[in-house]
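Step one of this worksheet: look at the structure below.
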Amino acid sequence: MLTLGIETSCDDTAAAVLKDNDTLLSSVLSSQDQIHTRFGGVVPELASRKHLEAIVPIVQEALDRAGVTLQEIDQIAVTQGPGLIGSLLVGFCYAKAISYVTKIPYIGVDHMAGHLLAIFLEEDKPDFPYIALIVSGGTSSIYLAQSHTSFSLLGRTRDDAAGEAFDKVAKLLGLPYPGGPHVSAEARAGNSAAIKFPRAWLGRSLSFPGCHISTGASPVARDTVPSSGIEDESLDFSFSGLKTAVLNHCNQSRQKDLPLQIPDVCASFQEAIVDVLVEKTLLAARQHNIQTIVMGGGVSANPRLRQSMLERCQQENKALFVPRPSFCTDNGAMIALAGFYYARKSLPGSYDQDVYSRSQL
Ligand code: KG4
């Protein structure tokens, strides 16, 4: 079974060919970072135009590198959402068009399912169930994964995604887009305890099986990681207050004519994000009595997050699985893999289906 995976949800045009569920024959990606960097973020209109230019050669390159022709492909998996509508439309319409012409069935895949399953592209695979932390430029969510196609959302960001916060803070500090890797590089030379940025642990929540209702308490800034009485605490995230705290720190330094210590700001900001991501993920594992943790999404390429999650998992006797960085960021291989599993339980896509901007998972 050969699956062609196509991904165009944001600013990367990606395609891959996967044999069955375990042999990746090719994975090709065309990044638009150079185009968007001067704007400090993704410009949707530019992104979709660049996808239009890249989609045909990138899919052809994925087929060539895999050593197969389009006629040999058994099914096409394509990202249907969430993402930027204009970007999604390019990949989705292209997949539907080649499916229509060649009669190869296509299946629309939720981008989040790709991130949730990317770990199965690695040799070392987790067992179900697991708690997954998916953190990227567009999302910060915690899921309980029970099978390759069964995921329950336990918590998500109420405002900015973690990657978005990294990108916005980078812009504030004059660092290039995408900001995550640059903030992380600056942080290596900084002191993470230099500035006390707030951690939004949020309020308590009412949790019922299959349903997660938050009381909507406003973000509460605490300086230390909560240690007890948090078993019903919300698994939602909020990073907008942290971003504002960094902005205030920069403005105050300027007003007082103090030099801005960029490495210290980056290290302290990064530590505040990492603390919350790690502790909420472990809290989810405790609440649901799960022994395995998986990470995915672009921010999980962050070395400090990986290190801190590993240390805490070791302390709490949890097994941690993290894909290599190129499978953490957007890629076609994870879409092909998710398509492989979804195709086994749903009918092929119909030609009247459309893209969507918010995840259905
Ligand atoms: O999953 P992804 O490739 O795609 C989208 O969300 O579109 O994630 C991209 C995000 C960006 O916000 C980027 O700044 C962030 O992941 N990112 C990182 C790192 N590498 C990428 N954030 C923190 N540290 C990193 N090393």
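The values are calculated or read from the model by the stated rules, or taken from the named source; none is laboratory data. Just so it is clear, the model here is predicted, and its values are computed rather than measured. Using ideal geometry, Cβ is built from the backbone for each residue, glycine included, and neighbour counts are taken over all protein chains shown. All accessible areas refer to the heavy atoms of the entire protein, side chains included, with ligands and DNA or RNA removed. Shrake-Rupley method; radii C 1.70, N 1.55, O 1.52, S 1.80 Å.
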What's the long-distance tail for region 124-322, i.e. % of Cα pairs beyond 28 Å?
-> 24
Cα centroids of region 323-338 and region 7-86: how far apart, whole angstrom?
-> 11
Taking only Cα atoms of the chain, radius of gyration then Dmax in Å | 20.5, 67
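Taking the Cα centre of the chain as origin and charging only Cβ (+1 Lys, Arg; -1 Asp, Glu), how large is the dipole, in debye to the nearest 20? Please list the in-between numbers first.
Values: 30 positive and 37 negative charges, 116 e Å.
Approximately 560 debye in magnitude.
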Report Rg(Cα)/(2.2 N^0.38 Å) for region 1-106, keeping two decimals.
-> 1.05
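Where the accessible area of the chain is counted over protein heavy atoms with a 1.4 Å probe, how much of it, in %, is carbon and sulfur?
Working: 8020 of 15560 Å².
Exposed carbon and sulfur together represent 52 percent of the surface.
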Relative contact order (percent) for the chain, with alpha-carbon contacts under 8 angstrom and 6 or more residues of separation?
-> 25
In Å², rounded to a whole number, the accessible area per residue of the chain with probe 1.4 Å is 43
Among S147, S234, S27, residue whose mean-square fluctuation peaks in a GNM of the chain (springs only between Cα atoms under 10 Å) | S147
Considering only S150, S300, S31, give the residue with the highest GNM mean-square fluctuation for the chain, with springs between Cα atoms whenever their separation is below 10 Å.
-> S150
GNM top mover of T69, T139, T79 - the chain, alpha-carbon springs below 10 Å = T69
For helix 162-172, what angle does its Cα long axis make with the longest principal axis of the chain, in degrees from 0 to 90 and rounded to 10?
-> 60
Would you mind putting 316-323, 46-53 in packing order, based on average other-beta-carbon counts within 10 Å, highest first?
-> 46-53, 316-323
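Based on the alpha carbons, how large is the Rg to Rh ratio for region 255-361 when Rh follows Kirkwood?
Numbers: Rg = 19.0 Å, Rh = 17.1 Å.
Ratio of gyration radius to Kirkwood radius: 1.11.
Can you tell me, using C-alpha contacts under 8 Å and at least 6 residues apart, the relative contact order of region 124-322 as a whole percent? Before the final figure, lay out each step's value.
On the way: 387 pairs, mean separation 56.7, N = 199.
The value is 28 percent.
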Using only Cα atoms, tell me the angle between helix 332-345 and the longest principal axis of the chain; keep it within 0 to 90° and round to the nearest 10.
-> 70
Over region 293-361, calculate the relative contact order: mean separation of alpha carbon pairs under 8 Å at least 6 apart, over the residue count, as a percent.
-> 35
Computed E for N191/Q34 - FRET, C-beta separation, R0 30 angstrom, nearest 0.05 = 0.40
